[in-house]
1. Which angle from 0 to 90°, rounded to the nearest 10, does the C-alpha axis of helix 52-70 make with the longest principal axis of the chain?
2. Hey, what did the range 230-348 get for relative contact order, percent, Cα under 8 Å, at least 6 apart?
3. Enumerate the whole-percent occupancy of each 20 Å bin, from 0 to the last occupied one, for all C-alpha pair distances of the chain.
4. Mean residue ellipticity at 222 nm from the helices of the chain, using -39,500 (n - 2.57) per DSSP H segment of n ≥ 4 over the full residue count, to the nearest 500 deg cm²/dmol?
5. Treating the angle as unsigned and between 0 and 90°, give the value, to the nearest 10°, between the Cα long axis of helix 287-311 and the longest Cα principal axis of the chain.
6. If R₀ is 41 angstrom, what is the calculated FRET efficiency for the pair Ile275 and Ser166, using the beta carbon separation as r and rounding to 0.05?
7. Among Gln29, Gln169, Gln134, whose mean-square fluctuation peaks in a Gaussian network model of the chain (Cα, cutoff 10 Å)?
8. Enumerate the amide H contacts of Ile186 below 5 Å, restricted to partners 5 or more residues apart or on another chain; note that Pro and chain-start residues carry no placed amide H.
Amino acid sequence: MSQKQDNSIVVLDIGGQSTRMLVADVNEQVLRYRGHGVVESAGMRKGMIAELGPAAKAVRQASELAERASRRNIDECMAAIGGPHIRGLNSSGGVQLGRGLREITREDVRAAVDHARAIERPADRDILHLLPRQFVLDGQPGIFDPVGMIGARLEVELHIATCSASALQSAVNCANRAGLEVSEAILEAIAAAECTLSADERELGVCLLDIGAHSSEIAVFFEGAVAYTASVPIGGAHFTNDLAIGLQMPLAAAEELKRIHGNAVVTAVPQMAEIEIAHPQPRRLALRTIAEILEPRARELMHYVRESLRQGGVFDALGAGCVLAGGGAMLPGMLDVVESQLRVPARVGLPVRLSQMPTELNHPAWAVAIGMILYAHRTRVLRAAEDKRSLGAKLRAMFAASF
């Protein structure tokens, strides 16, 4: 049974370290967890798909695990897109509604958005999201839904999230090779924000920082809308690589050492604390040595984030601070580095729980997948309401015409 037939939602998150698939369905407007699959990613390099064959095999394995767990066939999914190729920009545009005042329709809104999106962009860039920041009706700003209001000119301030066209097509081709059709692509930071940020944080101003394996995605919300999106080329794998090189050990051992004993703040580690390690030969290692390797990389990451926020003009708009998602958010001391570098409060963004969801998914690494489920459900509800309004308008027009 397909996703469309059983009212289920299937999402795919191809990360640099793990490939995840999550299945949920909607029953009486309640989202329920149905199953998931997670495997180690393959064919990835620097957060991008470098080899379609191995990457597609990992997607197929995750899909098979999710099918067995959810007890349904999966042939369609929504896919998350992230990486250093992500770019965001702001634009504005508007339409004249006529000589006199009249009621704003959904078509007027679409026309205003089309004018705002009509900007020059390189041929190798695809638009992922068109996100209205606010509408301006006859010079009056701060309007979020102008449909039904009266005016003569409608303008929109728009945030446009874009990605590399080749990177997007690679993700689609990868899913296709695994036997899956991609119905929609969603920016990872937008998805993670969907299940980690509160309405108050979005209103006051907040930075969502999704720390992935090879890059970290940024989405800044202000006054309830997306104001900035970007990506910085540092992620959790860089921390692991630093340990592997500095301590001359395999990547797998370095990853385990980081996960169990890592800390991004040297002074938070007791001076005399030591552990036994087996690589490159059995020896005792001071825990502060691990932190001395990890802290510079954490500070470098936040330097990139700080400069990105400044270039985007949103550095001073973080009234509610910074929320960390992704597997890298769990490194001890990372919150302290964020607060010291950005000078704002920080917290780890645990995703909201779906009904019947297992505890193991209540982790920042699952924020993108769970956020995509919520995003898909919300957009379905909005589209259904819009279709209902459109049908009602047509029926009223038919009824009026009959008289």
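Computed from the coordinates by the stated procedures, all read-outs in this text should not be read as laboratory data. These numbers were taken from a predicted model, which means no experiment stands behind them. Please note: Cβ atoms are built from the backbone with ideal geometry, for glycine as well, and neighbour counts cover all protein chains shown.
1. 80 degrees
2. Relative contact order, the range 230-348: 27 percent.
3. The distribution over the chain is 25, 54, 18, 3, 0, given as percents.
4. Value at 222 nm, helices only, nearest 500: -12000 deg cm²/dmol.
5. 20 degrees
6. Once the sixth-power term is evaluated, E becomes 0.40.
7. Largest GNM mean-square fluctuation: Gln29.
8. Ala79, Ala80, Ile81
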